[in-house]
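Here is the structure we will look at.
The values are calculated or read from the model by the stated rules, or taken from the named source; none is laboratory data. Predicted model, so just to flag it, every value in this text is computed and none were measured. Glycine gets a Cβ as well: all are built from the backbone with ideal geometry, and neighbour counts include every protein chain shown.
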Amino acid sequence: MLRLLYQFPSWMQRLYRGVTWRRRDTGVVYLTFDDGSIPEVTPAILDVLAKYGVKATFFVVGDNIRKHPHVYARVVAEGHRVGNHTYHHVKGRQCSLVEYLQEVDACEEAMNGQKSDVRNQESEVRLFRPPYGKMTFAQKRAILERGYEIVLWDVLTHDYNRNYTPEKMLRIVQRYTRDGSIINFHDSVKSAERTIEVLPQVIEWLQQQGYKIATL
Ligand SMILES: [Zn+2]
């Protein structure tokens, strides 16, 4: 039962075939942060990552890049990987296929407009994470056809939920992290306090376990 609460159940994993939940790498785990980049939280997360010499992956919202280009630029300049999280953080089921793809394209444009100045990531496969972890089958298929790797996660910290204390979040990480795990955090106002508090503890625990923390 606990497993169902903190991870996607297996029937859902089958529905999302073709999507990455976990990488097959031994001894490596991946930290991911969704919904930034925003001045209230992202710089504090970058400071923690820099302190531990850790690189992470940020799934960014295009409209935040427009509003806070300098924050996004810092994420890229410090060597973190960035992925597409749509322009307005839209729900797949509330958009037509055309609208959803426009959201993805607009986010990509915002990312590229910034990125080209700082680092050339042209050779890398583009990453996409659907807001709320949900999209329709048609949307999924179209995004895969465009060559994106769609990345979800296998460890959800629930950092956006005020009922989850940093202690509880750390226990979830300790219980569910395995080789290749993709751990989900947020750089959003809602999660800021909890995420910033637990992040050093999570990194220290992962490093004590001997995991290498890498970008996707
Ligand atoms: Zn999101």
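Taking Arg171, is it assigned to a helix (DSSP H, G or I), basic (Lys, Arg), in contact (Cβ under 8 Å) with a residue 60 or more places away in the chain and more than 21 Å from Val82 (Cα to Cα)? For Arg171, the condition - assigned to a helix (DSSP H, G or I), basic (Lys, Arg), in contact (Cβ under 8 Å) with a residue 60 or more places away in the chain and more than 21 Å from Val82 (Cα to Cα) - is not met. The set of residues in the stretch 49-62 that are touching a helix residue (DSSP H, G or I) at 6+ places or on another chain (Cβ under 8 Å) and surrounded by fewer than 18 Cβ atoms within 10 Å (Cβ to Cβ) comprises Lys51, Tyr52, Lys55. What are the residues in the stretch 57-104 that are away from the ligand (no atom under 15 Å from the Cβ), assigned to a loop (DSSP other than H, G, I, E, B) and under 23 Å from Leu31 (Cβ atoms), if any? Scanning the stretch 57-104 gives His68, Glu78, Gly79, His80.
If you go through the stretch 135-155 and keep only what is part of a loop (DSSP other than H, G, I, E, B) and exposed (fewer than 14 other Cβ atoms within 10 Å of the Cβ), you end up with Arg146, Gly147. Pairs linking a residue in the stretch 16-34 that is closer than 20 Å to Gly210 by Cβ to a residue that is assigned to a strand (DSSP E or B) and within 16 Å of the ligand (Cβ to nearest atom), with Cβ atoms under 6 Å and 6 or more positions apart or on different chains, are Arg22/Ile182; Tyr30/Ile182; Leu31/Ile183.
One residue alone among Phe33, Phe8 is modelled with pLDDT of 95 or more and within 16 Å of the ligand (Cβ to nearest atom), and that residue is Phe33.
Of the residues making up the stretch 203-215, just one is under 12 Å from Tyr30 (Cβ atoms) and part of a helix (DSSP H, G or I), namely Leu206. Going through the stretch 174-203 one residue at a time, which ones are over 22 Å from Arg23 (Cβ atoms) and either of a type in the set (Lys, Arg) or free of Cβ contacts under 8 Å to residues at least 24 places away in the same chain (or both)? Result: Lys190, Glu193, Arg194. Kindly evaluate Tyr160 against the criterion of being within 16 Å of the ligand (Cβ to nearest atom), out of contact with any Phe, Trp or Tyr (no Cβ under 7 Å at 6 or more places or on another chain) and assigned to a loop (DSSP other than H, G, I, E, B). Against the criterion (within 16 Å of the ligand (Cβ to nearest atom), out of contact with any Phe, Trp or Tyr (no Cβ under 7 Å at 6 or more places or on another chain) and assigned to a loop (DSSP other than H, G, I, E, B)), Tyr160 qualifies.
The condition (being modelled with pLDDT under 95 and of a type outside the set (A, V, I, L, M)) is satisfied by just one residue among Phe185, Phe137: Phe137.
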